[in-house]
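Let me begin by presenting the structure, written as structure tokens, before commenting on it.
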Amino acid sequence: MSAAVPATVRAPYRWSRVLAPASWLSGRLSFSRKFLLVGSVMLVTLALLSWPLLRKAGQDAQNAELERRGLTALAQQAAVLDTLVRQRGELNGERSETPAAKAKLQALLAWATSPQLPPSAPPNTLPALGQRLQQQWQQLQDLGTQEDDAQRRFAAHTGTINALLALMRESGRAHRLNVDPRLDAAFEMLTHRLPLVMETLTKQQDALAMSSDSLTSYAVAAQVVLSEATPALHAGMQQLLTPDDRAGLQAQLDELLSRIERQQDAVDKVLESPQTLAELRPIAGANLTQAQALLVASTAQADAMLQERLTQLRRSQWQVGALLVGAMAAIAYLFAGIYVSTLRSLRRLSQGTQDFCAGRLDTRIHIDTQDELVLVAGNFNTVASEVGRLLDVIREQNESRQRELERLVQLRTLELADKNDQLHLAALRVQEELASARDMQQAILPQHFPDTTDFSMQACMHPARELGGDFYDCFALSEGRWGFLVADVAGKGVGAAFFMAVSRTVLQDLAQDELGPEEVLGRANDLLSGRNPMELFVTACYCIYDPRDGSLAYASAGHPPPLLRTAQGEVLNLDCANDIALGVMPGMSYSRRHAHLAYGDTLLLYTDGITEAFDAAENAYGEKHLISWLQRNQEPQAAAKLVSLVRDVADFVGGAEPSDDLTALLLCRKAREDCVALSDAHPDSTAPSAYPLDLGAMTVSHAPQELNNKTLLLEHTLLSRVEEIAHLAEAVDQALTERPDVAFAVNLCLEELLTNTIQHGLHGAPNRLINVRLSRSDEWLEIIVKDDAPPFDPFVEAPAPSLEAGVEERAVGGLGVHMVKTMMDEVRAFYDGSGNLIVLLKTLKR
Amino acid sequence: MKLHHQHVHRARLALFSLPTLLALLCFTAVQPALAGNELIVIAHKDVALNKISPERITQIYLRQQQSWPDGQPIQPIDLREGSGIRRAFYDQITGRSPGQLRAFWARQSFTGMGLPPRQVDSDEEVTRLVQSTPGAIGYVSRRPSGAAVKVLLTANLD
């Protein structure tokens, strides 16, 4: 399977592997460094490529320079040679060594000893050859001082000339003339052939001049040297000739060669007739001159050619250099241009992307080049347009959704406001209901307490919420006894309030049946347990007090035991059985206990709302605190004592939220002297006057509940006649024109109560005055009826109504009083010493 | 070309030298007519050698050896052509005829390869020059009377 990988897939993979190192390098370099790297590589390559060219041209130029120096040296050497060969031909008599010639030779020798050649010149033996020339020259000079023959002189001259010729050849080699690529034959001619010809031409003549047979033959044989030189001379001349041959070199060479021919003819002639030697001498001399001239002309021509070559080389050097610099400049210029252009494009791309990211969504990138970056810019612009379009769509959708949401919110807000208003109204209603219920709850609890010569009693209940679960009660029993109780329904709120109302009614009803306290609690427990759907329960302590002897019978159903403070200030917890609270389960029995209140003793009944009242630091008021207060407080009157207790608890609690209902009942048996004083104040009273029922009503000492902002509506006094009631009714109707319903109820109640008072209280006495006063506050209507009858409480003394019986059969007053209690919110009767005071309260709330 | 001539000459010299010397010895032995005539090779008194072989004399007079063992240049003194003792000297010592010598020196002179020995006219002049020239060597027919020269070789011409 793997062998079937197509070649088109393998090839890029191979290329990517080959290019991996370059890619790696490229990935680590910024754009500027990439360009710098490639440019540097190219420039270095260019320099490396052109370096050999420049070097070759430089070497060639150097060589040409060297060769020119060689030609200069050659000219010097040729001059010395000319001198030497001419000297050899001179006769002994005409020998003349010019100082100039000698100086030339000395200069040549000095040069040869240390030729001062550049390092590029090949190694040479010039110093050795110079030394040889020096020696030969010295030998020749030595000969001059000796008497010697011509042949020795000739030989010495020839040796010197040979040394010079060798020096000339070596000089040519040392100046690289022999290896010149284009002028090697020319230089061979100049450094070797022509000097040899010059030497041979004169030597031929000089040898013949010595008239020696042996030398003569050599002079003839020298023709071989001359004829052998001819091809080399032609070859050398070929290299020197220019198309125009201004110097006429070819002609000079031809002339020389023809002259050599003529000299040979002359030599042949001398062989035949030695006297013609004289003819040879000028020929040879002229030929030497010709050869010398050719040498000089050829040297000049060669030097000119070298000069030209040198010029060309320098020009080519300049050209290569200029080309190199130009190429480098062009590459650098191109790269800089490409770099700047690419960078500008990249910068535009970068700037555009940044602008786009910064939120300018209408950003578009315009690149005016023809490279791939245009594609990138195009793609960016496409993406930007698409994003812009999508954002517009999203924005549109968002706006639409926003509008929809706003509409919904507005709708819901309106609905909520509506509901809120409804809720508010409902809450207000509930609040009103609760306030009403609270008032009702407060109203059903007795607001007026007995304060007789023998004792005073006071109670209060402060609910923790709108509705409380605590209650108290006090009521008169037969034989002057008083029943009173304090109870605490478990829980708070509406349920507890209802249970409280039920419990109170049950307890009150049972108590009216003259049962013992344990029986009242037992029966109440059975009744409450039987109808207790919310499974509430109530603790209670019920006491029956007999003022005649201060005896106290009591029973407790799970309630805190009563506290007894003796006149001496001692506080006792009255003994209580551990009986269970009411309503828990039926059939429970409760225990009766007895106690005795001495003169000056105080009895306190309370609920745990007092002992468990907490301050801000969660500290409970506690039984200890309560006992302490009770010990301290020496207030004789129950009302003042209770006010003190409530203030003490309130002071302890401070600003803390009340945790439970606060309920207490105080009974203070007055001290003996107080009782006596009071008895003295009522001389009419008989012994049984201590019994409230016997007195007709209890003696009331304190004012009824005070209304705030009371306004007097009606003050009416009538005679104690039934027919007078109609006038009162008219006055009441006038006073309550705004509330005819209330006026109706008030008239009904007044008629009943006044009839009752006239018939039962005054026993029909016709001219007694009865005062009726109507006052109102914001909420309440107060009706006060004052008579001057003996003490009479219609609400206590009136017999219980028998609803089952017919109206005619019922006892007079009982039903009426019941009606009054029903129609009025609060009814109370007092005897203030001068008469009875009936106070009715009727709420004005609808 | 010059080298070629030189080689040829040297070969020839080597071929001729040994029979020539043998013949010279025989000649001296069988020709009593020349008895009493001596050939004496003398040198300057400072020359480092006390005796010399005929071969070395030949090399010196053909200028093939140009310095003494101590490096001093050898100054050979020759007699002019035509002198009897010169002919005898070259005959006996070098084995060369006057014609051969002429040809040899003509070639050497023409090619500049060598300078012929200095020629003087008489024994006396030879002796005088040998005495006065450091490194000089010469040949005379009679032993010089003064002791200012060194006798390197004595050959009997008889």
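The values are calculated or read from the model by the stated rules, or taken from the named source; none is laboratory data. Small disclaimer: the values here were computed from a predicted structure and weren't measured. For neighbour counting, all protein chains shown are included, and Cβ atoms are generated from backbone atoms with ideal geometry for every residue, glycine included. The protein model used for the area step is the full one, side chains on, heavy atoms only, and it has no ligands, DNA or RNA in it. Shrake-Rupley method; radii C 1.70, N 1.55, O 1.52, S 1.80 Å.
At what distance in nm do the modelled label points of B:Val151 and B:Ser53 sit from each other, each positioned 7 Å from its Cα along Cα→Cβ?
Spacing of the two 7 Å Cα→Cβ label points: 2.3 nm.
For A:Ser591 and A:Ser659, what is the calculated FRET efficiency with R₀ set at 30 Å and r taken between the beta-carbons, to the nearest 0.05?
0.50
Would you check the accessible area of A:Trp24, probe 1.4 Å, heavy atoms only, in square angstrom rounded to 10?
A:Trp24 exposes around 140 Å² with every protein chain in place.
Determine the shielding of peptide A:207-219 by partner chains: average, over its residues, the number of Cβ atoms on other chains within 10 angstrom of each Cβ.
That average works out to 4.
How far apart, in nm, are the 7 Å Cα→Cβ label points at A:Ser350 and B:Lys45?
10.8 nm
How much mean residue ellipticity at 222 nm does chain A get from its helices, if each DSSP H run of length 4 or more adds -39500 (n - 2.57) and you divide by all residues, to the nearest 500 deg cm²/dmol?
Only helices count here, giving -20000 deg cm²/dmol.
Hey, what do the phi angles of segment A:42-55 turn into as Karplus ³J(HN,Hα) couplings, whole Hz, using 6.51/-1.76/1.60 and θ = phi - 60°, x for Gly and Pro?
Those phi angles translate into 5, 5, 5, 4, 4, 5, 5, 5, 7, 4, x, 4, 4, 5 Hz.
Can you list the residues, at least 5 places off or on another chain, whose amide H is less than 5 Å from the amide H of A:Leu837, using H built in the peptide plane?
A:Phe830, A:Tyr831, A:Asp832
Please give the helix A:672-681 orientation as an angle from the longest Cα principal axis of chain A, in degrees from 0 to 90, rounded to the nearest 10.
60 degrees
For the full complex of protein chains and a 1.4 angstrom probe, list B:Ile137, A:Ile580 by accessible area with the highest value first.
So, going from the largest accessible area down, we get A:Ile580, B:Ile137.
How charged is the neighbourhood of A:Ala426? Take every other residue with its Cβ under 11 Å from the Cβ of A:Ala426, and add Lys/Arg as +1 and Asp/Glu as -1.
Neighbour charge sum, excluding A:Ala426 itself: -1.
Can you give the mean number of other chain Cβ atoms that lie within 10 Å of the Cβ atoms in peptide A:150-162?
That average works out to 5.
Quick one: what are the phi-derived ³J(HN,Hα) couplings along segment A:397-406, Karplus 6.51/-1.76/1.60 with θ = phi - 60°, whole Hz, x for glycine and proline?
Per-residue couplings from phi come out as 4, 4, 4, 4, 5, 4, 4, 4, 4, 4 Hz.
Under 14 Å between alpha carbons, and skipping anything fewer than 8 positions from A:Lys203 in its own chain: which aspartates and glutamates qualify?
Of all the aspartates and glutamates, those that pass the test against A:Lys203 - Cα under 14 Å, at least 8 places apart if same chain - are A:Asp82, A:Glu90.
Am I reading the A/B interface right? What is its buried accessible area, both sides, 1.4 Å probe, to the nearest 100 Å²?
Looking at A and B, the buried total is near 1600 Å².
Using 0.36 nm per residue, how much length does the chain from A:Arg315 to A:Met328 gain when fully extended, once their Cα-Cα distance is taken away?
2.7 nm
Give the ranking of B:Val126, A:Val225 by solvent-accessible surface, highest area first, calculated with a 1.4 Å probe.
A:Val225, B:Val126
Residues in segment B:100-121 near a label at A:Asp142, defined as backbone nitrogen under 18 Å from the 7 Å Cα→Cβ point?
Under 18 Å, as judged by backbone N against the label point of A:Asp142, lie B:109, B:112-120 of segment B:100-121.
Roughly how big is chain A's charge dipole about its Cα centre, with Cβ charges of +1 (Lys, Arg) and -1 (Asp, Glu), in debye to the nearest 20?
Using Cβ point charges on Lys, Arg, Asp and Glu, chain A gives about 8680 debye.
List the residues of segment B:84-117 for which accessible area in the full set of protein chains is at least 30 Å² lower than for the chain on its own; 1.4 Å probe, protein heavy atoms only.
Residues of segment B:84-117 that lose at least 30 Å² of accessible area once the other chains are added: B:Ala106, B:Ser109, B:Phe110, B:Gly112, B:Leu115, B:Pro116.
Once fully extended, how much extra length lies between A:Thr289 and A:Val643, figured as 0.36 nm per residue of separation less the alpha-carbon to alpha-carbon distance?
110.3 nm
Please compute P(r) over all alpha-carbon pairs of segment A:580-651, binned at 5 Å starting from zero, and give each bin as a whole-number percent.
Bins of 5 Å from zero give 3, 12, 20, 18, 15, 14, 11, 7, 1 percent of pairs.
Near B:Lys150, which lysines are there with a Cα under 24 Å away, not counting those fewer than 8 places off in the same chain?
B:Lys45, B:Lys51
Would you please give the residues with an amide H less than 5 Å from that of B:Leu79, counting only those at least 5 places away or on a separate chain, with H modeled from the backbone geometry?
Answer set, sorted by chain and number: B:Val120.
Could you tell me which of rounded, prolate or oblate describes the protein assembly as shown, using a ≥ b ≥ c as the square roots of the eigenvalues of the alpha-carbon gyration tensor, with rounded for a/c under 1.5 and, failing that, prolate when a/b is larger than b/c and oblate otherwise?
Note, shape of the protein assembly as shown comes out prolate.
Under a straight-distance cross-link criterion of Cα-Cα below 17 Å, which lysines are reachable from A:Lys56, leaving out those fewer than 8 residues away in the same chain?
By straight Cα distance, A:Lys56 reaches no lysines at all.
In nm, to one decimal, how far is the A:Glu479 label point from the A:Ser30 one, both placed 7 Å along Cα→Cβ?
12.0 nm
Under the Karplus relation 6.51 cos²θ - 1.76 cosθ + 1.60, θ = phi - 60°, what is the ordered set of whole-Hz ³J(HN,Hα) values for segment A:29-37, x standing for Gly and Pro?
Result, rounded to whole Hz: 10, 6, 4, 4, 6, 4, 4, 4, 5.
Which entries in the list A:Lys641/A:Lys670; A:Lys786/A:Lys845; A:Lys492/A:Lys842; A:Lys710/A:Lys845; A:Lys786/A:Lys821; A:Lys821/A:Lys845 go over 23 Å, if you measure between the two C-alpha atoms of each?
Over 23 Å apart, Cα to Cα: A:Lys786/A:Lys845; A:Lys492/A:Lys842.
Taking 0.36 nm per intervening residue step and subtracting the Cα-Cα distance, what contour gain separates A:Arg262 from A:Arg739 on full extension?
153.1 nm
For segment A:5-83, rounded, prolate or oblate, judged on the Cα gyration tensor with a ≥ b ≥ c (square roots of eigenvalues), a/c < 1.5 rounded, else prolate if a/b > b/c?
The shape class here is prolate.
Mind checking the dipole of segment A:288-423: about its Cα centre, +1 per Lys or Arg Cβ, -1 per Asp or Glu Cβ, Debye to the nearest 20?
For this selection, approximately 580 debye.
So, counting K/R as plus one and D/E as minus one, what does the shell of residues with Cβ under 9 Å around A:Arg773 add up to?
Net charge in that neighbourhood comes out at -1.
Less than 12 Å Cβ to Cβ from A:Cys543, Lys/Arg counted +1 and Asp/Glu -1: what total charge do the surrounding residues give?
Local charge sum for A:Cys543: 0.
Leaving out ligands and nucleic acids, and using a 1.4 Å probe, what accessible area per residue does segment A:110-206 come to in Å²?
Counting only protein heavy atoms, the per-residue value for segment A:110-206 is 37 Å².
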